[in-house]
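Presented below is the structure to which this report refers.
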Amino acid sequence: MISIENAARILSLSKKVAVLTGAGMSQESGIETFRDENGVWAKFDPMVWATVDGFLSRPKDVWNWYQERRATIRNNKPNQGHYALAKMEKCFDWLAVATQNIDGYHHIAGSATVRQLHGNIFENKCLAENIGKKDIDNSVVPPKCHDCGSFIRPDVVWFGEMLPETEWNLARTDAQDCDTYIVIGTSGMVWPAAGLPTMAKRKGAKVIIINTTESEIDQRADVLIRGKSGEVLPQILKLLEK
Ligand code: BV8
């Protein structure tokens, strides 16, 4: 509890707060994380299932895998951590969330400022034109672009792909301008997102980490909270609302 009180005390003195979330944020919503013991990458090789070459080697399988993940996300919902983070916005001049997650749960929970660093699983784009496409013909697997005939693919950032420039630049500015940086539910293994807490720290921000286990970013923490984000964030919000 002490670290939760320390985090709330630091936040009560903050005006500008930036946040980085990872798969742990949605774990209590029933969405699998990637690198926990029996996580996604333990079952699916990311170089096959989350790269362009992997998609081209087995387009039908990769497309169907994303369809299954879309169904799981639709059948679940944001958890108390997402809602607490959204309500926390009123406690500061601004609170901006940069998420590595592609489930869209921060938006659904009501967060107003969300930078989707790795895209959104419910959006699609043409593989060849690299531009978003709507009204997809799902009778073909994977669907084909109605403008050029190339494959349609999920509009998410695969390994080896650049992050969306605007989202990435905004997330970097948030990290450099904030008083406090909260890191929630990420192993800190995927770059360049993993570098954001260090950018904040270098500019003098306090860093709060909420994670159930150790992460690659722990040494940056001013406050380290070992716990579930769906339980910890509502407790922090309660202390801030006092
Ligand atoms: C890039 C989207 C520039 C798709 C994902 C070779 C060539 C090119 C690039 C590289 C290369 N070698 C390395 C790189 C860089 C690479 C990278 O970082 N690799 C790592 C693995 C070493 N990065 C990239 O490729 C990025 N692009 O660098 O572009 C470039 C371009 C060309 C050439 C050179 C450079 C793109 C990375 C994005 C990849 N896309 N996903 C999809 O999801 O299908 S990755 C995937 O990892 C997800 O986005 C995920 O969010 C992300 C990070 O993982 P986490 O979110 O942290 O999840 P994880 O399971 O790891 O951890 C969960 C944590 O939560 C754990 O710590 C756990 O303890 C905790 N937890 C669990 N439950 C809870 C909890 N905490 C709190 N409460 C709970 N209840």
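A dipole drawn for segment 120-194 from +1 and -1 charges on Cβ atoms has a positive end, and of Asn130, Ala193, Ile182 the residue lying farthest that way is Asn130.
Think of a 1.4 Å ball rolled over the protein heavy atoms: the chain then has 48 Å² of accessible area per residue. Ile4 sits among other residues whose Cβ lies under 15 Å from its own Cβ, and their net charge, with Lys and Arg +1 and Asp and Glu -1, is +2. Note on the chain: with charges restricted to the Cβ of Lys and Arg (+1) and Asp and Glu (-1), its dipole about the Cα centre is near 480 debye. Sequentially through segment 98-109, phi angles give Karplus couplings (6.51, -1.76, 1.60; θ = phi - 60°) of 9, 10, 8, 7, 10, 8, x, 5, 4, 4, 4, 6 Hz, Gly and Pro residues having no value and appearing as x.
Against the chain, whose longest principal axis is taken from its Cα atoms, helix 59-74 shows a tilt of about 40°. Close amide H partners of Lys144, meaning residues 5 or more places away or on another chain with modelled amide H under 5 Å apart, are Asp137, Ile152. For segment 25-35, the Karplus equation 6.51 cos²θ - 1.76 cosθ + 1.60, evaluated at θ = phi - 60°, returns couplings of 4, 9, 4, 6, 8, x, 9, 4, 7, 8, 10 Hz by residue, with Gly and Pro reported as x. Please give the helix 2-12 orientation as an angle from the longest Cα principal axis of the chain, in degrees from 0 to 90, rounded to the nearest 10. The angle comes out near 90 degrees. Expressed as a whole percent, the accessible area of the chain that falls on carbon and sulfur atoms is 49 (1.4 Å probe). Expressed in Å, the radius of gyration and Dmax of the Cα atoms of segment 91-242 are 18.0, 58.
Just by accessible area at a 1.4 angstrom probe, what is the order of Arg202, Arg69 from largest to smallest?
On the way: Arg202 190, Arg69 45 Å².
Largest accessible area first, the list is Arg202, Arg69.
Between the alpha-carbon centres of segment 72-134 and segment 173-223 there is a gap of 19 Å.
Which values, in whole Å and largest first, are the semi-axes of the equivalent ellipsoid of segment 110-191 obtained as the square root of 5 times each eigenvalue of the Cα gyration tensor?
Equivalent ellipsoid semi-axes, largest first: 31, 13, 12 Å.
Residues in segment 115-128 carry Karplus couplings, in order, of 9, 8, 5, 10, x, 9, 4, 8, 9, 10, 8, 7, 4, 7 Hz; the curve used is 6.51 cos²θ - 1.76 cosθ + 1.60 with θ = phi - 60°, and Gly or Pro positions show x.
Amide hydrogen proximity for Glu123: with H placed 1.01 Å from N in the peptide plane, the residues at 5 or more positions away or on another chain lying under 5 Å are Asp155.
Distances between placed amide hydrogens fall under 5 Å for Ala98 paired with Val19, Leu20, Thr21, Arg115, all partners being 5 or more residues away or on another chain.
The residue list Gly160, His146, Asn211 was ranked by how far each Cα lies along the charge dipole of the chain toward its positive end, using unit charges on Cβ atoms, and Asn211 comes out on top. The radius of gyration of the Cα set in segment 1-97, together with its Dmax, comes out at 17.9, 52 angstrom. The long axis of helix 165-177 is offset from the longest Cα principal axis of the chain by roughly 10 degrees.
Structure shown: which of Lys201/Lys242; Lys90/Lys206; Lys87/Lys203 lie over 24 Å apart, alpha-carbon to alpha-carbon? With Cα atoms farther than 24 Å apart: Lys201/Lys242; Lys87/Lys203.
The values are calculated or read from the model by the stated rules, or taken from the named source; none is laboratory data. Nothing here was measured: the structure is a model prediction, and the numbers come from that model. Quick reminder, even Gly has a Cβ in these numbers, built from the backbone with ideal geometry, and neighbours come from all protein chains shown. What goes into the accessible areas is simple: the full protein's heavy atoms, side chains included, and nothing from ligands, DNA or RNA. Shrake-Rupley method; radii C 1.70, N 1.55, O 1.52, S 1.80 Å.
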